[in-house]
Amino acid sequence: MEPVNLLELSEADLKKFLSSFDHVFSDCDGVVWETRNPMPGAGKFFELMKRLGKTVHFVSNNSLRTKADYEAKFKSADIKEGYENLTIPSTAIAEYLKSLHFDKAVYCVSCPETVAVLTSHGFECKEGPEVGTYYYSDYIEYLTDDEEIGAVVFDSDFKVNLPKLYKALTYLRRPEVLFINGATDRYVPLKAGVLTLGTGVFSDIASEESKRKPVLLGKPGKMFGEFAMRRAGVSDPSRVLFIGDMIEQDVGLGRAVGFNTLLVLTNKTKEEMMSHETLKPDYYADNLGSIVPILEPLVK
């Protein structure tokens, strides 16, 4: 079935669309805001969803932001209790390790905020080095195993380098070492309409070289979506509308878990959406603000 343009629905079909879900889960970057500014109308869209009886939750692959940063972003978009209803990979990784009663050290190829979250949950984290040398034979020191390491976690380390990859691959040679991946994004929206390489390329290298598939605790991992559902108190994925701007991460998560999907074309063109070989959303719109005018008449 081809994606449906929400703005072209009749009033009857729009009401049918709204009756098809009870919960809205939304990505943040590229949907609620761009790098520095809120997307016009995004806050109003979520306000209308709530007034229409929907619960609103947020699911992001971005563990890089601090709580204060997220709270400021939600406030700028006029969204109340956004952070309290947010699920990110760092939280999912910590909860996953706790569920396994994990008691070894974690080697983190991760952003500082993910390390901080894991440390706050009582896990010992090892990192680095931040800088390597120019001479390749010096890298032999990064091939020494560390028996204290019981898990390798990749999650949005924009300072990733060859020494870190060498160490991660050395630890992953032991099959008992957990391989966990948060954000998988190969591309990130640094500004509206422009995508640049993300850190997912490096976790892909680790997976290929180690010949191991990580536990995915970021989009589009099914476990991550199910974790977000549990946090939101949602049991039926078919009653969730997932909103995102990225096909692989957001539409991919929807397909993995069983959500209905809405793609906003803030970082993808309609042509790119329609030509994707394996993934297409159920619905699409230019942005959330463009949907507001057709929702307002339905809210008393």
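Numbers for the structure displayed
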item: Members of region 128-164 found to be in a helix (DSSP H, G or I) and buried (at least 16 other Cβ atoms within 10 Å of the Cβ), listed by number; result: Y142, P163, K164
item: Answer residue from region 62-86, given it is crowded, with 22+ Cβ neighbours inside 10 Å and polar (S, T, N, Q) and is nearest to T35 (Cα to Cα) among those; result: N62
item: Filter pass, T196 being polar (S, T, N, Q), under 22 Å from R65 (Cβ atoms) and in contact (Cβ under 8 Å) with a residue 12 or more places away in the chain; result: no
item: Check on A232, more than 27 Å from L190 (Cα to Cα), out of contact with any Pro (no Cβ under 6 Å at 6 or more places or on another chain) and modelled with pLDDT of 95 or more; result: yes
item: Leading residue by the ranking (nearest to P40 (Cα to Cα)) among those in region 255-300 that are hydroxyl-bearing (S, T, Y) and without any contact (Cβ under 8 Å) to a residue 12 or more places away in the chain; result: T269
item: Those helices (runs of 4 or more DSSP H) lying entirely in region 32-127 with at least 1 residues among the charged types (D, E, K, R) and touching a His at 6+ places or on another chain (Cβ under 9 Å); result: 89-99
item: Every residue from region 229-244 that is surrounded by fewer than 24 Cβ atoms within 10 Å (Cβ to Cβ) and on the phi < 0 side of the Ramachandran plot; result: M229, R230, R231, A232, V234, S235, D236, P237, S238, R239, L241
item: Answer residue from region 17-31, given it is in a loop (DSSP other than H, G, I, E, B) and of a type outside the set (F, W, Y) and is surrounded by the fewest Cβ atoms within 10 Å (Cβ to Cβ) among those; result: S19
item: Counted residues, region 18-72 - those being basic (K, R) and without any contact (Cβ under 8 Å) to a residue 24 or more places away in the chain; result: 3
item: Selection within region 253-300 - out of contact with any strand residue (DSSP E or B) (no Cβ under 9 Å at 6 or more places or on another chain), assigned to a helix (DSSP H, G or I) and not aliphatic (A, V, I, L, M); result: E271, E272, S275, G289, P293, E296, P297
item: Members of region 231-252 that are under 14 Å from V24 (Cα atoms), out of contact with any Phe, Trp or Tyr (no Cβ under 9 Å at 6 or more places or on another chain) and in a helix (DSSP H, G or I); result: R231
item: Of the criteria (1) surrounded by fewer than 23 Cβ atoms within 10 Å (Cβ to Cβ); (2) not in a helix (DSSP H, G or I); (3) not aromatic (F, W, Y), which one V201 fails; result: (2)
item: Residue selected from region 87-118 under the condition surrounded by fewer than 23 Cβ atoms within 10 Å (Cβ to Cβ) and of a type in the set (F, W, Y), by the criterion farthest from F25 (Cα to Cα); result: F102
item: Unique match (being among the polar types (S, T, N, Q), under 24 Å from F224 (Cα atoms), out of contact with any helix residue (DSSP H, G or I) (no Cβ under 6 Å at 6 or more places or on another chain) and outside the structural domain of K270 (by TED's automatic domain parsing)) among T199, T144, T184; result: T199
item: Single condition K167 does not satisfy, out of (1) over 16 Å from the mean Cα position of the chain (by Cα); (2) surrounded by fewer than 22 Cβ atoms within 10 Å (Cβ to Cβ); result: (2)
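The values are calculated or read from the model by the stated rules, or taken from the named source; none is laboratory data. All of these numbers come straight from a predicted model, not from anything done at the bench. All Cβ positions, glycine included, derive from the backbone under ideal geometry; neighbour counts span all protein chains shown.
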